[in-house]
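This is the structure, below, for whatever I ask next.
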Amino acid sequence: MLMKVLFLDSPSFGKLDLIDALKQVGYEVQLFDHKQLQDYNSKEFDTYFDELAGDKQISFVFSLNYYPSISNGCNRNHLKYLSFVYDSPLVSLYSYTLINPCNYIFLFDKALYLDFAKEGITTVYYLPLCANTARLGAMQLPSDKRSILSSDVSFVGALYNESHNFLDRMTDLDDYTKGYINAIMDAQMKVNGYFFIEELLTPDIIASMKKSLEYHTQPGGTESDAYVYANYFLARKITSIERQNLLKAVSERFDTKLYTHNPTPTLPSIQNMGAVDYYEVMPHVFKNSKINLNITLRSIRSGMPLRAWDILGAGGFLLSNYQEDFFDFFVPGEDFDFFDGTEDLLTKIEYYLSHEKERKDIAENGFCKVAKQHTYLHRVRTMLETAGL
């Protein structure tokens, strides 16, 4: 009998790699378009989804990231729903639908998974992200174009320096609230491995923030105001400050290229190369940079972000900030390395630039470990086994 998976066709990183892995294990992939209906929480979407789910050959439904309306649709149609989450924060996880028995929700951040597990929620599982080493390893850039993407140090990612970012839109905060927020952000920037901002947002501070820029809870949402303001407002601002400060220090001493969407007038020493295509160009950046930085978004509490997996999976040398989940799978100084603060970052960049063989050996070790244990095929098989498929 033909096995078919109904797969949400949304603009998601890793989508093509996941589709390829599902096909490798014997599934036909039927895409349904996220553009068909922009409003997932509507009767029109439910009708559309139920028509698709009526196909008796559909074995289960799959999406990258979690969608409550899809979960409800699977519940109605007695289908299993597999969701592989790669974004953080993801407010849709804070939905009453999370406990729907059809759900198999795979979270890449162990600390987040443990939060849900401690509440007795049995529909979530810890599963780190991964890389398609077969695709990434085979990509080769013509020699005459390598100089464009070559550098001593590179960083691919957003600086969250848009003029309309949430926190900067709060122009009418009182002085006490502004001072309090700045103080807890300063404190958080001194601590790696533990995100405590949410705990420090008092009711009075939240009320002041809501008065300036209110957040409206999603339909059926269970998220707290503290969660939203800590993760969507303050974590992004902290990350913006950290990334700009670190890249400023690095670019003043080393040949550094930045691949990002927005102009960076505060970083005059950096080479801003603009944004790059995830599939076609980004792997070449990782391959042709001597050192690839990972500076994790602060709302990712312990997990390895997709950027880190893509660097390792492309055979690039990875130098990352501290994230606890790295140490479940990789050995610092053997598969990758990490830094603790600006001075340590600069010291390690200088060291690895002057120790080429060691740097290349570490990159090769990281690539081999990903290829043997952490590909999309490994993850798909784990998800299918967990769901009893």
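The values are calculated or read from the model by the stated rules, or taken from the named source; none is laboratory data. For clarity, every value in this text was computed on a predicted model and none was experimentally measured. In this analysis, Cβ positions are derived from the backbone assuming ideal geometry, glycine residues included, and neighbour counts consider all displayed protein chains. Accessible surface areas use protein heavy atoms only, side chains included; no ligands, DNA or RNA. Shrake-Rupley method; radii C 1.70, N 1.55, O 1.52, S 1.80 Å.
Taking Gly26 as the residue in question, decide whether it is on the phi > 0 side of the Ramachandran plot and buried (at least 16 other Cβ atoms within 10 Å of the Cβ).
Values: on the phi > 0 side of the Ramachandran plot: yes; buried (at least 16 other Cβ atoms within 10 Å of the Cβ): no.
No: the conditions fail for Gly26.
Which of (1) within 20 Å of Gly313 (Cβ to Cβ); (2) in a loop (DSSP other than H, G, I, E, B) is the odd one out, the single condition Arg253 does not satisfy?
Every condition holds for Arg253 apart from (1).
OK, next. Would you check which residues across region 43-61 are closer than 26 Å to Leu384 by Cβ and without any contact (Cβ under 8 Å) to a residue 12 or more places away in the chain and list them?
Listed by number, the residues that qualify are Glu51, Lys56.
Picking from Asp344, Asp337, which residue would you name as being in a strand (DSSP E or B) and open to solvent by less than 50 Å² (accessible area, probe 1.4 Å)? Walk me through it before giving the result.
Numbers: Asp344 fails: in a strand (DSSP E or B).
Testing whether each residue is in a strand (DSSP E or B) and open to solvent by less than 50 Å² (accessible area, probe 1.4 Å) leaves just Asp337.
Can you pull out every residue in region 47-103 that is aromatic (Phe, Trp, Tyr) and open to solvent by 20 Å² or more (accessible area, probe 1.4 Å)? Break it down stepwise before answering.
Kept after step one, since they are aromatic (Phe, Trp, Tyr), are these residues of region 47-103: 48-49, 60, 62, 66-67, 81, 84, 86, 94, 96.
Once the filter is applied, which keeps residues that are aromatic (Phe, Trp, Tyr) and open to solvent by 20 Å² or more (accessible area, probe 1.4 Å), region 47-103 yields Tyr48, Tyr67, Tyr86, Tyr94, Tyr96.
Keeping to region 119-145, report how many residues are farther than 21 Å from Gly313 by Cα, assigned to a loop (DSSP other than H, G, I, E, B) and not polar (S, T, N, Q).
Summing the residues that are farther than 21 Å from Gly313 by Cα, assigned to a loop (DSSP other than H, G, I, E, B) and not polar (S, T, N, Q) in region 119-145 gives 3.
Give me the pairs: first residue in region 214-228 and within 15 Å of Ile70 (Cα to Cα) and touching a residue at least 12 places away in the same chain (Cβ under 8 Å), second residue polar (S, T, N, Q) and surrounded by fewer than 17 Cβ atoms within 10 Å (Cβ to Cβ), beta-carbon distance under 6 Å, and six or more apart or on different chains, which are they?
Going by the 6 Å Cβ cut-off, the qualifying pairs are Pro219/Asn41.
Using the structure shown, decide if Asp225 is over 19 Å from Ser151 (Cβ atoms) and surrounded by fewer than 20 Cβ atoms within 10 Å (Cβ to Cβ).
Values: over 19 Å from Ser151 (Cβ atoms): yes; surrounded by fewer than 20 Cβ atoms within 10 Å (Cβ to Cβ): yes.
For Asp225, the condition - over 19 Å from Ser151 (Cβ atoms) and surrounded by fewer than 20 Cβ atoms within 10 Å (Cβ to Cβ) - is met.
Would you pick out the residues in region 299-324 that are assigned to a helix (DSSP H, G or I) and either more than 17 Å from the chain's Cα centre (by Cα) or buried (at least 21 other Cβ atoms within 10 Å of the Cβ) (or both)? Give the derivation first.
Just the residues of region 299-324 that are assigned to a helix (DSSP H, G or I), to begin with: 306-313, 324.
Across region 299-324, the qualifying residues are Arg307, Ala308, Trp309, Asp310, Ile311, Leu312, Gly313.
Scan region 347-369 for residues that are open to solvent by less than 80 Å² (accessible area, probe 1.4 Å) and acidic (Asp, Glu) and jot them down.
Those that are open to solvent by less than 80 Å² (accessible area, probe 1.4 Å) and acidic (Asp, Glu): Glu358, Asp361.
Among the candidates Ile270, Ile295, which residue alone is of a type in the set (A, V, I, L, M, F, W, C) and open to solvent by less than 10 Å² (accessible area, probe 1.4 Å)?
Values: Ile270 fails: open to solvent by less than 10 Å² (accessible area, probe 1.4 Å).
Just one listed residue meets the conditions, Ile295.
Which pairs turn up if I take residues in region 104-122 that are buried (at least 20 other Cβ atoms within 10 Å of the Cβ) and look for partners that are among the charged types (D, E, K, R) with beta carbon separation below 6 Å, at least 6 apart in sequence or on another chain?
Asp109/Arg301; Lys110/Asp325
Here is a follow-up. Let me confirm something: among Thr382, Thr386, Thr342, Thr347, which residue is under 30 Å from Phe254 (Cα atoms), among the β-branched types (Val, Ile, Thr) and under 24 Å from the mean Cα position of the chain (by Cα)? Let's see the steps before the verdict.
Values: Thr382 fails: under 30 Å from Phe254 (Cα atoms); Thr386 fails: under 30 Å from Phe254 (Cα atoms); Thr347 fails: under 24 Å from the mean Cα position of the chain (by Cα).
None of the others qualify; the one that does is Thr342.
Given the conditions (1) in contact (Cβ under 8 Å) with a residue 24 or more places away in the chain; (2) open to solvent by 60 Å² or more (accessible area, probe 1.4 Å); (3) under 19 Å from the mean Cα position of the chain (by Cα), report the number of the one that Asp277 does not fulfil.
Just one mismatch for Asp277, condition (1).
What's the number of the condition Leu173 fails, among (1) farther than 23 Å from Arg301 by Cα; (2) part of a helix (DSSP H, G or I)?
Here Leu173 meets the rest and fails (2).
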